[in-house]
Every structure is written in structure tokens, then in C-alpha cells.
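The values are calculated or read from the model by the stated rules, or taken from the named source; none is laboratory data. Treat the numbers as computed from the prediction; the structure is a model and nothing was measured. Quick reminder, even Gly has a Cβ in these numbers, built from the backbone with ideal geometry, and neighbours come from all protein chains shown. Ligands, DNA and RNA are stripped out before the accessible areas are found, and what is left, the full protein with its side chains, is counted by its heavy atoms. Shrake-Rupley method; radii C 1.70, N 1.55, O 1.52, S 1.80 Å.
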Amino acid sequence: MIAAALTFAFTCFGLGLLMNIYRLIRASSIGDRILALDTMVINAIALLALFGILKGTMIYFEVSMIIAMTGFISTVSYTRFLLRGDVIE
Amino acid sequence: MLADILISLLLVVSGIFGLVGSFGLIKLPDAMMRLHAPTKATTLGVGGALIASMLYFYFEKGQFSFHELMIALFLFITAPITGHFIAKTHLHLSHKPSDLPRTSSGRPWASYESDADHARAEAARASGTQSPDAR
């Protein structure tokens, strides 16, 4: 039962990643692109957590932690650069 | 058996939430509306997936870990901050201040007020010289 639910969740998050790529390519403004990249990071974290369940190993949690931090910092620095023309003032 | 049902339910619900969030990103018509779907639904979806993973390792493998809770907490804290920054970027790059609805205080939106104007208005408000109809 867990395997079937895992397959379903993999399908959902994989489809979500494809939709994010579509929005990343066909975006109307730069804010949309940043938002699509941020959502891609979140979907990647979910896929990593699911992959950890599939493999039965806990080694991927450090990876997802680091990806979460990197995604947050990159989103904030990108938006700050667009707003102020500088990342650290 | 009960743990199996709980984990499967969490996985399915989190998958649906993630799919809805990403579908909203391509479906909603306006950029400000599009901000809603990923920052709320997808964050909830990934939180569900992480909780399911924590329950799986506790009930099936017998080892408890706080990592998932830490990641979920981190994402829940940072999602509003990134949403705020992206909304502000969109506001400044794609909208003119004259297009926005007026505030009721007579001052511009806080995001557009210069530092000098802000300091002057706050000093006037602190000394009580602000006219009563301006509020």
C-alpha cells in the first residue's frame, strides 16, 4: 500500500516539476521566473524525501536541508538584486 | 497496519497538494494570483511528504529522526519571506504607483515611501500634530 501511494506521490511531484519548467520558459515577467525556480526547489525537496522513503535510507535528509537553505538564499538574493541593484549593501 | 494507512494517506494528500500548487502556477491568469498557489499549497504538500517520511522511518525502521521536522519547519518559516520578496519585486517592476489603490492615511504605500518622507511622517505622528481627518 505504501508503494502504491509512493508511486502516486512521485507522479504528482514529477508532474508539478514539469509544470514549473513550463512556467519557467513561458513566463510573463521576471517575478514569475523567480517564483517558478523557488517552486522547483520545493518540489525537488519533496522528491528527495520520497526517494529516501523508496530507498529506505536517511542520507538524503542532509541533502534536502542544504537544498532548502540554498533555495531560500538564492531566491532572496535574486529578488533583492532586482529591487536594490545590490545583494548586500 | 494503522501506520501503513496513515503514511499512505499522508503521501497521497501531500501529492495532491503539490500537484494543485504547481498546476495553479500555470493555470492562474495574473502574476499576483500565481503567487498564491506555490507559496501555500506546495509548501503544505512538501510538509506532508516530510512528515510521512518521518513516520515511515519511525514505524517501519524503528529509528526516529528530527531532520524532517527541521526541514519542514525551515520551509514553513521561509515560504512567507520568499513570497513577500517576490510580491514586492513584482510590485516594483510591473506596477506604477499611480495604478495602485489609495491608502486611507494620505501617505503612499509603505514600499514606495522614501526614507526621508517616512521619518518626517512618523515624527509628525509621534508629536501629535497630524490632522485627525488624515487617518
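With everything on Cα atoms, drop me the angle between helix A:30-55 and the longest principal axis of chain A, reported from 0 to 90° to the nearest 10.
Helix A:30-55 and the main axis of chain A meet at about 20 degrees.
May I ask you to rank B:Ser8, A:Ser74 by accessible area, largest first, using a 1.4 Å probe over the protein chains only?
Descending order: A:Ser74, B:Ser8.
Work out the charge dipole of segment B:1-120 with +1 on the Cβ of Lys and Arg and -1 on the Cβ of Asp and Glu about the Cα centre, then indicate which of B:Tyr112, B:Ile51, B:Phe23 is farthest towards its positive end.
The listed residue farthest towards the positive side: B:Tyr112.
Quick one: helix B:43-59 against the long Cα principal axis of chain B, what's the angle to the nearest 10°, folded into 0 to 90?
30 degrees
Could you tell me which of rounded, prolate or oblate describes segment A:1-80, using a ≥ b ≥ c as the square roots of the eigenvalues of the alpha-carbon gyration tensor, with rounded for a/c under 1.5 and, failing that, prolate when a/b is larger than b/c and oblate otherwise?
oblate
Let's see if you can work this out: charge +1 on each Lys and Arg Cβ, -1 on each Asp and Glu Cβ, no other charges. What is the dipole magnitude of the protein assembly as shown about its Cα centre, in debye to the nearest 20?
Value, rounded to 20: 420 debye.
Show me, for segment B:79-93, the HN-Hα J-couplings you get by feeding each phi into the Karplus relation (A = 6.51, B = -1.76, C = 1.60, θ = phi - 60°), rounded to Hz, glycine and proline as x.
Once θ is set to phi - 60°, the couplings for segment B:79-93 become 4, x, 5, 5, x, 5, 5, 5, 4, 5, 4, 5, 4, 7, 8 Hz.
I'd like the accessible area for B:Asp99: 1.4 Å probe, protein heavy atoms, all chains in place, Å² to the nearest 10.
Here the residue's solvent-accessible area equals roughly 100 Å².
Rounded, prolate or oblate for the protein assembly as shown? Axes are the square roots of the Cα gyration tensor eigenvalues, ordered a ≥ b ≥ c, and the cut-off for rounded is a/c under 1.5.
Since a/c reaches 1.5 and a/b is larger than b/c, the shape of the protein assembly as shown is classed as prolate.
Could you order B:Glu113, B:Glu68 by accessible surface area, starting with the largest, using a probe radius of 1.4 Å?
B:Glu113, B:Glu68
For chain B, what does the alpha-carbon gyration tensor say about shape, rounded, prolate or oblate, given a ≥ b ≥ c as the root eigenvalues, a/c under 1.5 as rounded, and a/b over b/c as prolate?
Prolate.
How large is the charge dipole for chain A, taken about the Cα centre, if only the Cβ atoms of Lys, Arg (+1) and Asp, Glu (-1) carry charge, to the nearest 20 debye?
220 debye
Give me the angle, in degrees from 0 to 90, between the Cα long axis of helix A:60-84 and the longest principal axis of the Cα atoms of chain A, rounded to the nearest 10.
20 degrees
Just by accessible area at a 1.4 angstrom probe, what is the order of B:Ser65, B:Ser127 from largest to smallest?
Ranking B:Ser65, B:Ser127 by accessible area, largest first, yields B:Ser127, B:Ser65.
How much solvent-accessible surface does B:His92 expose, in Å² to the nearest 10, with a 1.4 Å probe and all protein chains in place?
Rounded to the nearest 10, the figure is 70 Å².
Show which lysines lie in cross-link reach of B:Lys61 when reach means a straight Cα distance below 30 angstrom and same-chain residues fewer than eight apart are skipped.
A:Lys55
Considering only B:Ala121, B:Ala49, B:Ala31, give the residue with the highest GNM mean-square fluctuation for chain B, with springs between Cα atoms whenever their separation is below 10 Å.
It is B:Ala121.
Rounded to the nearest 500, what is the 222 nm mean residue ellipticity of chain B from helices alone, with -39500 (n - 2.57) per DSSP H run of 4+ residues and division by all residues?
-21500 deg cm²/dmol
By a straight-distance test (C-alpha under 19 Å), which aspartates and glutamates pair with B:Lys88 as possible cross-link partners, with residues fewer than eight away in the same chain excluded?
The reachable aspartates and glutamates, counting only those whose Cα sits under 19 Å from B:Lys88, are A:Asp32, A:Asp38, A:Asp86, A:Glu89, B:Asp30, B:Asp99, B:Glu113, B:Asp115.
Evaluate the charge dipole of segment B:38-135 about its Cα centre and quote only its size in Debye, nearest 20, assuming +1 on the Cβ of each Lys and Arg and -1 on the Cβ of each Asp and Glu.
Roughly 180 debye, rounded to the nearest 20.
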